[in-house]
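Undergrad: Sharing a structure with you now.
Any read-out appearing in this document is the output of simple, stated calculations on the displayed coordinates, not a laboratory observation. Just so it is clear, the model here is predicted, and its values are computed rather than measured. Cβ coordinates were reconstructed from backbone atoms using ideal geometry, including for glycine residues, and neighbour counts include every protein chain displayed.
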Amino acid sequence: MRPYTFQVFSIEHIISIIVIILVFIAFLRFNKVLGINDKSRSFLFVLAFIMISLDLSEDLVRVFTGFYSIKKDLPLQLCSIGVYLAAFTLVSRKKIFFDLIFYWGFVGATNAILTPDGNLFELRIFFFYSQAYHAALIFAVLWLMIKYDMRMRYGSILKVVVSTNIIVGLLSILNYALDSNYMFLRQIPNSVSPFLMGEWPVYIIMVQVFSIILVVLFIRIQDLLTKPIKY
């Protein structure tokens with residue numbers, strides 16, 4: 001198969017972002033027209049199934065095309081973990097897990113959609129997979145927020161940051177054992193993200209600082225655009 005070179009904000013990248021936005025509007029605003037009730041439990045299971053299927057089917061494509069590697073394709077990137085956690089949250093609607101996917105989805109997945117790491121896309125299909133499951137992660141958060149009135153609170157920020165850093169610590173050990181770069185903890189990703197500053201380990205610290213700033217901003221936007229909920 002012909003090798004693929006990703007270019008940020010190329011025509012297909014921009015089109016993919018537009019398609020994601022249109023799909024979000026269609027399903028979040030006109031879901032009843034599409035035959036999906038706001039509290040449809042079956043839709044939650046279907047969405048969870050789609051999210052997991054996207055990740056697993058990408059692995060199968062990588063295996064059959066010879067691009068699978070245990071050093072980079074285990075579901076151990078933050079958003080990959082988030083996809084499985086989001087699938088579980090859709091069917092369980094546990095608040096503590098919602099907080100994590102809110103943080104990982106709005107901060108991590110949004111950044112991955114807008115400024116992906118082109119080194120991960122040996123073939124064009126892997127770019128589309130990446131856009132799809134990162135979008136699905138964000139969509140899951142939006143659906144739970146809008147249809148089930150789930151909210152992220154400022155008081156939850158410390159918990160999600162600590163939880164994320166526990167995962168970072170565990171993956172740092174695994175990265176050393178596998179000589180891998182999961183969560184980009186050993187090498188800066190090939191991304192034009194404005195939040196990636198400096199060399200190792202400075203960029204890791206800066207990403208966390210900017211992540212906290214961004215999640216505060218997203219919570220503020222959430223509170224402005226949605227009705228207040230008391231827990």
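Undergrad: What FRET efficiency comes out for the pair SER92/GLN208, r = Cβ-Cβ distance, R0 = 30 Å, nearest 0.05? Before the final figure, lay out each step's value.
TA: Values: r = 27 Å, r/R0 = 0.91.
The value I calculate is 0.65.
Undergrad: For region 11-225, what does the relative contact order come out to in percent, with C-alpha contacts under 8 Å and a separation of six or more? Numbers along the way, then the final one.
TA: Working: 191 pairs, mean separation 48.1, N = 215.
After rounding, I find 22 percent.
Undergrad: Are there any helices in the chain, counted as whole DSSP H runs, that stretch 15 Å or more along their axis by Cα and score at least -1.0 on average by Kyte-Doolittle, and if so which?
TA: Qualifying helices, which must be both long enough and hydrophobic enough, are 11-29, 41-65, 78-92, 124-147, 157-178, 202-225.
Undergrad: Can you return the aspartates and glutamates within cross-link range of LYS94? Criterion is Cα-Cα under 15 Å, with same-chain partners fewer than 8 residues away left out.
TA: Partners within reach: ASP149.
Undergrad: With each run of n ≥ 4 DSSP H residues scored as -39500 (n - 2.57), what mean residue ellipticity at 222 nm is computed for the chain after dividing by its residue count and rounding to the nearest 500 deg cm²/dmol?
TA: Values: 8 runs with 142 residues, N = 231.
For the chain, the value works out to -21000 deg cm²/dmol.
Undergrad: Would you give the gap between the C-alpha center of region 183-231 and the C-alpha center of region 131-178, rounded to a whole Å?
TA: Each part's Cα centre sits 11 Å from the other's.
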